[in-house]
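Read the structure below first, then the notes.
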Amino acid sequence: MIYHDVEQNSPEWDALRVGKATASRFACFMANDGKAFGEPAKDYALQIALERRTGRKAEFSFSNDDTDRGHAQEPIARMLYEETTFATVGNGGFFDCGDYGDSPDGLVGKDGVIEIKSVRAKGHDSTRMRGSFDPAYRWQLAGHLDCTGREWVDFVSYCSDFPEEGQLIVHRVTRESMASEIERLRIRRAEFLALVQQKFSEI
């Protein structure tokens, strides 16, 4: 694993991610774990294979109001996190693990990373009621721990629609608590990367 201290969404960051499976998309191939890969995983494998063949980022990129809001509000959530935890958040950069990699939203000390989600009120309230992270991001969180080698990840849910005292929710996930998920991820990811290689050979 090699850590690159680059700004996220910069041209340098984009270039490092070309042709690699990244933690934000691990859920794509973890779906139906133990069974055949579904169409989303096959499509993702094709995208990665094409990037490897062409050496350039796929032209298609997903964006909607939620992702745009997330980019805009992430600095606010990061500031509130630092004020709440008395921690300093460093640049997440990119962790290059060869055929795959990871870009956490920030590094905390020597042991932690954060994953910030700027969400709608309904999602934020569900996280509040659950008292845990949003399970939709389970494999991204496991990916953070696996790729970075760090001991914990703070799942940060932020919603500006809530009263100030309730806008930020932080739930810590440790490597020990995710040991089973990390092992499952490693096995399934190896199978997925074999599919990518197959697609690459066929193109």
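Every number here is computed from the coordinates shown, using simple stated rules; none is lab data. What you are looking at is a predicted structure, and each value in this text was computed from that prediction instead of being measured. Heads up, the Cβs are rebuilt from the backbone with ideal geometry, glycines too, and the neighbour counts pull from every protein chain shown.
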Check the chain and count each lysine pair with an alpha-carbon distance under 15 angstrom, considering only pairs eight or more places apart or from different chains.
4
So the angle from the long Cα axis of helix 39-54 to the longest Cα principal axis of the chain, reported in degrees to the nearest 10, equals 70
Measuring from the longest principal axis of the C-alpha atoms of the chain, the long axis of helix 65-85 (C-alpha) lies at a number of degrees, nearest 10, equal to 50
per DSSP, antiparallel bridges as share of beta bridges in the chain, % nearest 5, sits at 65
What whole-number volume per residue, in cubic angstrom, does the convex hull of the C-alpha atoms of the chain give?
124
Can you tell me the 0 to 90 degree angle between the C-alpha axis of helix 121-130 and the longest principal axis of the chain, rounded to 10?
80
Have a look at LEU141, ILE169, VAL196 and report the one farthest towards the positive end of the charge dipole of the stretch 112-203, computed about the Cα centre with Cβ charges (Lys/Arg +1, Asp/Glu -1).
VAL196
The stretch 2-202: relative contact order from alpha carbon pairs under 8 Å, six or more residues apart, as a whole percent, is 26
When the chain is fully extended, how far beyond the present Cα-Cα distance does SER10 get from ILE182, taking 0.36 nm per residue of separation?
59.0 nm
